[in-house]
Amino acid sequence: MAIARLFAPFEGTRDPQPLAIVRIAFFSGLLLHFAPSLIWLDIGYGHGAVRADAWNHWLFAHLSHTPPALVRVLAILTLLALVAAIVGIRPRIAAIVGGLGCYAFTSFNSIHLQTLALVPAWAILLLWMICGGGANAFAPRADHEREPSLLGSLILFQVLLAVLFSGVEKLLAGWPWSNEMGIVLAYPRGFMVRDWVAALPVLHGPVMSTLLTWGTLAVELGTPILLLVRRTRLAALVVYELFFLGIIAMLEVPPLFYFIFASVPLLALDDDQLATVRSWVRRWGRRRTAS
């Protein structure tokens, strides 16, 4: 019975809409991240461009000899695959073509593309290549077409583990005793923090920076666990979403980071909780319309 409960989240079916939302958010993040370099190819991939090796060294060494016309074709195929995934056209094939293209171009030159958000991105792309799915939610009969649970649960656990171990690493690095958020917030304008953060004195005091340090640890260590407990799931989801909204508002992180980490916890919600969230959204929409 214990083994059955352990594997239960990966079996059966689920409401297709959360996975479709994650698909749209994730591949939109990839498109925003990669499109500038894949449109203006000469800047990063032209002859004589300054390049950096961060992923596959073999590709880094050999892609520099690729004819420019072929590089252009590969860039177009990669962009089209990402758009197809966003729209929901053959998600597995789109993930294979788009994922291989993104990985190849990042290996070709990582200067304009390298970010820690690529680590979970490669894992999610690999899961999508293997499992496929995520295109049912906006079909005409979406209410009658449930999605297998495997892909959504694998993506959810992969991201929650990344958040949890981010907190563990911060704990091992001595965050509670070094006031690391105070160091981050002290960076000069235009580097790491957004301009409004650098200009707001209240954020730079020891009390606020200590609260932000401990708050970061509490969210990263606590919410991945609380999201898996049904009784605490909705409250943990609200705290989690506010946390990552705060990150994107305060720090200069790429959209890909937010689109991955903010969208995926929706996959933790069961059918009843999804109905509750939809009710919240409808009430909020009616209030906005009335005002």
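Under 5 Å between amide hydrogens, which residues at least 5 positions from Val193 or on another chain qualify, with H placed 1.01 Å from N in the peptide plane?
For Val193, whose amide H was placed from the backbone, the distant partners under 5 Å are Glu252.
Heavy-atom accessible area per residue, the range 58-137, 1.4 Å probe: how many Å²?
46 Å²
Of the listed values (1) -0.41; (2) -0.29; (3) -0.63, grab the one calculated as log10 I(q)/I(0) by the Debye sum over Cα atoms at q = 0.08 Å⁻¹ from the structure here.
It is the one labelled (1).
Is the shape of the range 197-258 rounded, prolate or oblate, going by the alpha carbon gyration tensor and its root eigenvalues a ≥ b ≥ c, with a/c under 1.5 for rounded and a/b larger than b/c for prolate?
Cα axes put the range 197-258 in the oblate bin.
What does the accessible area per residue of the range 150-260 come to in Å², with a 1.4 Å probe and no ligands, DNA or RNA counted?
Dividing the accessible area of the range 150-260 by its residue count gives 52 Å².
Considering amide H positions built from the backbone, and no H for Pro or chain starts, which residues 5 or more places from Arg14, or on another chain, come under 5 Å of its amide H?
HN-HN under 5 Å from Arg14: Glu147, Ser149.
Just to be sure I understand the model, the point goes 7 Å from the Cα along the line to the Cβ. What's the resulting Leu126 to Ala186 distance in nm?
Taking the simple label geometry, Leu126 and Ala186 are separated by 3.9 nm.
Using θ = phi - 60° and the Karplus relation 6.51 cos²θ - 1.76 cosθ + 1.60, list the HN-Hα couplings for the range 156-167 in order, rounded to whole Hz, with x at every Gly or Pro.
4, 5, 4, 6, 5, 5, 4, 5, 4, 6, 4, x
What length, rounded to one decimal in nm, is gained on full extension from Trp280 through to Leu200, with 0.36 nm per residue of separation minus their alpha-carbon distance?
Net length gain for the segment: 25.5 nm.
Which percent of the accessible area of the chain is formed by carbon and sulfur heavy atoms (probe 1.4 angstrom)?
Carbon with sulfur: 70 percent of the solvent-accessible area.
Compute the relative contact order of the chain as a whole-number percentage, counting only Cα pairs closer than 8 Å that sit 6 or more residues apart in sequence.
Relative contact order for the chain comes out at 24 percent.
Got the relative contact order for the range 221-288 handy, in percent, Cα pairs under 8 Å and 6 or more residues apart?
So the answer I get is 28 percent.
Count charges around Met192 for me, please; just the other residues with Cβ under 13 Å from its Cβ, Lys/Arg as +1, Asp/Glu as -1.
-1
For the range 154-258, what are the per-bin percents of Cα-Cα distances with bins 10 Å wide, up to the bin holding the maximum?
Result, from short to long distances: 14, 43, 34, 9, 0 percent.
State whether the range 59-123 is rounded, prolate or oblate according to the following rule on the C-alpha gyration tensor (a ≥ b ≥ c being the square roots of its eigenvalues): a/c under 1.5 gives rounded; otherwise a/b larger than b/c gives prolate, and the remaining case gives oblate.
Oblate.
Using alpha carbons only, how many angstrom separate the centre of the range 230-291 from the centre of the range 56-118?
Using only Cα atoms, the two centres lie 30 Å from each other.
The values are calculated or read from the model by the stated rules, or taken from the named source; none is laboratory data. Nothing here was measured: the structure is a model prediction, and the numbers come from that model. Here the Cβ is made from the backbone with ideal geometry for all residues, glycine too, and neighbour counts use every protein chain on show. With ligands, DNA and RNA removed, areas are computed over all heavy atoms of the protein, side chains included. Shrake-Rupley method; radii C 1.70, N 1.55, O 1.52, S 1.80 Å.
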